[in-house]
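We did not get these values from a lab; they are worked out from the coordinates using the rules stated. Keep in mind that this is a model prediction, so the values were computed, not measured. Every residue, glycine among them, receives a Cβ derived from its backbone with ideal geometry; neighbour counts consider all protein chains shown.
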Amino acid sequence: MGKKIKYIVLHISDSSWGTAMEINNWHQQRGWKEIGYHEVILNGFPTAQHKSKNIRDEMLDGSVEIGRELDPNATLESDEYGAQVKGFNSKSMGICCIAKTGDKITSKQMEKLRLRVAYNLKKFDLPAHAVRGHSELDPKKPYCPGINLDLFRKAVQNLIDKENKKEEAVKPPPIPKPPPIEMIKEGQEPPPPPGYPPGNKLIRAIKAFFEELGK
Ligand SMILES: [Zn+2]
């Protein structure tokens, strides 16, 4: 039985460069089965060479890579457990930004992190306070992920509110009720529909004409 996802835990990689594949190598070297994070947001330095030559790949700055695979439901099977924080792995998903401890994540990473967190909160039906920094769950990691988490949660909530308003705005207007049909009493002539010639009068006149002929 899978366990419900209750938290989204945020990390930085403590490396100034890297990709999901690279982190996967690092984590396997630690003896883990595979990468501990479910999503990785790059900083534009995918390799050590990019960093040492200071060549930032702008297209990769703020791009998302899938780490440990998550199936689309809101529960975690044991093979989906990441490595976020002791005691939380079976009930959280983890997103990691490539950044060295003490460095700020890039503005493109921040923008994408907000979008990914808002998306995943909606997907897993979680409130903004389900977002936790690694530092909030483990006092031994005070610099991970090194962002103002209260401001971050507020910004994410704003994004979700905006998105909900947009969805509200594109909803089609309610279909107006048709006017009530007037019941016609027996023997009474129904009123002609607006804009049409009074058909019944004409038919009666023709009938009368033929009746007259038939006499
Ligand atoms: Zn961390």
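Numbers at a glance
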| quantity | calculated |
| --- | --- |
| Highest-first arrangement of 169-179, 19-29, 51-61, 84-94, where packing means the average Cβ count within 10 Å | 84-94, 19-29, 51-61, 169-179 |
| Estimated distance in nm for a label pair at Thr101 and Thr75, the labels positioned 7 Å out from Cα along Cα-to-Cβ | 3.7 |
| Tilt relative to the chain, helix 107-123 - C-alpha long axis, 0 to 90 degrees, to 10 | 60 |
| Beta bridge orientation in segment 3-169: antiparallel %, DSSP, nearest 5 | 30 |
| Value of relative contact order over segment 1-123, rounded to a whole percent, pairs C-alpha under 8 Å and six or more apart | 37 |
| Segment 33-121: projected area of the alpha-carbon convex hull, averaged over directions, in nm² | 6.7 |
| Ranked Cys96, Cys144, criterion: other C-beta atoms within 10 Å, fewest first | Cys144, Cys96 |
| Size-normalised alpha-carbon gyration radius of segment 66-160, reference 2.2 N^0.38 Å | 1.06 |
| Straight-distance crosslink candidates among aspartates and glutamates, where the alpha carbon sits under 17 Å from Lys207 and sequence neighbours closer than 8 are dropped | Glu189 |
| Descending principal axes extents, segment 1-46, alpha-carbon based, whole Å | 38, 23, 14 |
| Where labels lie 7 Å past Cα in the beta-carbon direction, separation of Lys171 and Tyr119 in nm | 2.5 |
| More than 31 Å apart - percent of Cα-Cα pairs taken over the chain | 41 |
| Straight-distance crosslink candidates among lysines, where the alpha carbon sits under 29 Å from Lys4 and sequence neighbours closer than 8 are dropped | Lys33, Lys86, Lys91, Lys112, Lys122, Lys123, Lys140, Lys141, Lys154, Lys162, Lys165, Lys166 |
| Segment Glu212-Thr47, extension gain: residue separation times 0.36 nm, minus the distance between their alpha carbons | 49.1 nm |
| In degrees, nearest ten, helix 149-170 long axis to first principal axis of the chain (Cα) | 20 |
| The chain: angle of helix 199-214 to the longest principal axis, Cα-based, in degrees nearest 10 | 30 |
| Cβ-based charge dipole, the chain, positive-most Cα from Pro174, Leu159, Val40 | Leu159 |
| Lys6-Gln157 pseudo-label distance in nm [points 7 Å out on the Cα-to-Cβ vector] | 2.1 |
